[in-house]
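Report on the following structure.
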Amino acid sequence: MTATSVLASLRVRLQRLLRGRVQRAEDAEDVIQSAFLRLQAYYQKGGEVREPEAFLVRTAIRLSINAHRDVRRRLNAEAGMLILEDEVASPGSDELLAAEQSLRRMERTLGCLSEPTREAFLLHRVEGLSYTQIAALCGTTAKAVERRIARAMLALSQADEEREKT
């Protein structure tokens with residue numbers, strides 16, 4: 001099966017899957033195109049993909065997560081610049097700063113987790129997928145997904161406890 005034929009058969013499914021994950025239909029098309037290009041590049045390097053549908057779906061979801069994270073980082077950076085530009089403390093600036101610090105701590109903690117654990121956590125908490133859906137995407141069991149999410153929650157909880165001690 002060629003990359004083009006796989007994309008043609010999956011385009012509508014990928015569009016539906018990405019509809020709630022990206023802001024505009026054009027963004028979904030960009031993600032689908034990027035996922036397709038990655039599959040095509042893999043084929044051109046001589047790689048073999050046993051399940052190209054799963055490859056495209058998983059790649060598209062990861063790319064949408066990355067795009068969402070990039071937008072969030074850009075917005076956080078812009079918000080940080082606004083705070084720095086505003087010499088007079090506005091009401092709620094302490095809360096905003098605390099929220100930004102909390103977000104950075106959470107990103108650091110998640111960055112220390114294994115890729116499968118971080119991915120399962122983000123797919124569940126950010127994307128709203130069920131354990132069963134995540135298991136199907138990642139090629140594992142729902143129980144394994146549950147353990148990964150529990151590991152991520154434990155790491156975040158421990159990071160919070162350490163912060164409170166200091």
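When the residues of segment 124-137 are filtered to those that are surrounded by 15 or more Cβ atoms within 10 Å (Cβ to Cβ) and part of a helix (DSSP H, G or I), which remaining residue is nearest to the chain's Cα centre (by Cα)?
For segment 124-137, the residue satisfying everything is HIS124.
Go over the candidates ALA67, ALA60 one by one and state the one that is closer than 23 Å to ALA120 by Cβ, in a helix (DSSP H, G or I) and either modelled with pLDDT of 85 or more or among the aromatic types (Phe, Trp, Tyr) (or both).
Testing whether each residue is closer than 23 Å to ALA120 by Cβ, in a helix (DSSP H, G or I) and either modelled with pLDDT of 85 or more or among the aromatic types (Phe, Trp, Tyr) (or both) leaves just ALA60.
Just for segment 42-60: of the residues that are of a type in the set (Gly, Ala, Ser) and touching a helix residue (DSSP H, G or I) at 6+ places or on another chain (Cβ under 9 Å), which one is farthest from ALA8 (Cα to Cα)?
The residue in question is GLY47.
Considering only segment 109-123, state which residues are part of a helix (DSSP H, G or I), in contact (Cβ under 8 Å) with a residue 12 or more places away in the chain and not aliphatic (A, V, I, L, M).
Matches in segment 109-123: THR109, PRO116, THR117, ARG118, GLU119, PHE121.
All but one of (1) assigned to a helix (DSSP H, G or I); (2) at pLDDT below 85; (3) closer than 24 Å to GLY139 by Cβ hold for ALA79; state the number of the condition that does not hold.
(3)
State whether the residues of segment 138-160 include one that is under 17 Å from the mean Cα position of the chain (by Cα), part of a helix (DSSP H, G or I) and of a type in the set (S, T, N, Q).
Looking through segment 138-160, none of the residues is under 17 Å from the mean Cα position of the chain (by Cα), part of a helix (DSSP H, G or I) and of a type in the set (S, T, N, Q).
The values are calculated or read from the model by the stated rules, or taken from the named source; none is laboratory data. Since this is a predicted model, take the numbers as computed values, not measurements. All Cβ positions, glycine included, derive from the backbone under ideal geometry; neighbour counts span all protein chains shown.
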